[in-house]
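Participant: For reference, the structure I am asking about is given below.
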Amino acid sequence: MPTMSKKQNPDRPIAAVLLSRAHSEDEANRIYQEKVQQRPLFLRPSSPPPADARAARRRAEEKRKKERKKSLKPKPLSATQRRRLGLYDMKREGQRYVVFEPLHRLWLGYVREVLGNEVFTGGEGAAAKLASADLHGAEVEVVRSSCVSRVGIKGIVIKDSKFAFEIITPRNQVKLVPKEGTVFRVGVPIAEKNEDGKEQGSTLVFEIHGEQFQYRAADRASRKFRAHFLNNI
């Protein structure tokens, strides 16, 4: 077997050295250049690409956007945290009836818009719309109650919770009236024109059975109420 001569370049690749042992110098150089040096190297991925690579990339990009948006969006406060921060508490200087009179006027405009033309006719159509209306700012009066001492309480609703109305009276007193076993009366003033063309005041009066309104205002807005028999009336 031929051995490497002393005049050979020590930095020569081992493949060229091995070829020179089996072939002539020119043939070894030709084989090395064509078969080794210029031969392409084919790489195979560790796993085949998905059938729909574009859709997969789109889903991955949407997932990254959702995760980024979720990380930037602040987490809402829990009910315990809101109570701890005092968001439900009303300061003593704010417990005045005159403070909430503008809210009541806004509510009158809101409820007239909700009722539309049925504010003049009333009936089941008006009742269905009023059942889903927000009562923050409405002026209510307790006309019947399982607790006699609550009858006669009248004022503006400043908080419409699931199980109770928080009412401020004209005497600047805040009353918490449970809905269960209580009937509230609400009046909507209407401006009508008589035969002479002059406006005359009338009021659309309706009663709310608190037991049927034991929902939050936000939940009641999307709820459909059906007429049914009440055995406690």
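The values are calculated or read from the model by the stated rules, or taken from the named source; none is laboratory data. This is a predicted model, so every value here is computed, not measured. Note that each Cβ is placed from the backbone with ideal geometry, even for glycine, and that neighbours are counted across all protein chains shown.
Participant: When you scan the stretch 189-207, do you find a residue that is at pLDDT 85 or above and part of a loop (DSSP other than H, G, I, E, B), even just one?
Facilitator: No - not one qualifying residue is present in the stretch 189-207.
Participant: Select from the stretch 139-152 the residues that are without any contact (Cβ under 8 Å) to a residue 12 or more places away in the chain and either charged (D, E, K, R) or not in a helix (DSSP H, G or I) (or both) and write down the one among them that is nearest to LEU106 (Cα to Cα). First the steps, then the outcome.
Facilitator: Restricting attention to the stretch 139-152, the residues satisfying the condition of being without any contact (Cβ under 8 Å) to a residue 12 or more places away in the chain are 148-149, 151-152.
With the extra rule that they be either charged (D, E, K, R) or not in a helix (DSSP H, G or I) (or both), the set shrinks to 151-152.
On the way: VAL151: 26, GLY152: 24 Å.
My answer is GLY152.
Participant: For the stretch 104-132, name all the residues that are without any contact (Cβ under 8 Å) to a residue 24 or more places away in the chain and small (Gly, Ala, Ser).
Facilitator: The answer is GLY109, GLY116, GLY123, GLY125.
Participant: Kindly establish whether LYS159 is closer than 18 Å to ARG220 by Cα, touching a Phe, Trp or Tyr at 6+ places or on another chain (Cβ under 8 Å) and basic (Lys, Arg). Walk me through it before giving the result.
Facilitator: Working: closer than 18 Å to ARG220 by Cα: yes; touching a Phe, Trp or Tyr at 6+ places or on another chain (Cβ under 8 Å): yes; basic (Lys, Arg): yes.
So LYS159 passes the test.
Participant: Same structure again: Output the residues belonging to the stretch 149-175 that are within 15 Å of HIS136 (Cβ to Cβ), surrounded by fewer than 19 Cβ atoms within 10 Å (Cβ to Cβ) and of a type outside the set (Val, Ile, Thr).
Facilitator: LYS159, SER161, LYS162, ALA164, GLU166 - these are the residues of the stretch 149-175 that are within 15 Å of HIS136 (Cβ to Cβ), surrounded by fewer than 19 Cβ atoms within 10 Å (Cβ to Cβ) and of a type outside the set (Val, Ile, Thr).
Participant: Among the residues of the stretch 155-170 satisfying the criterion of being part of a loop (DSSP other than H, G, I, E, B) and modelled with pLDDT of 90 or more, which is farthest from PHE213 (Cα to Cα)? Before you say what the answer is, go through the steps one by one.
Facilitator: Start the filter on the stretch 155-170 by keeping residues that are part of a loop (DSSP other than H, G, I, E, B), which leaves 161-163, 169-170.
Right, trim to modelled with pLDDT of 90 or more and you get 169-170.
Details: THR169: 21, PRO170: 24 Å.
Taking the candidates together, the pick is PRO170.
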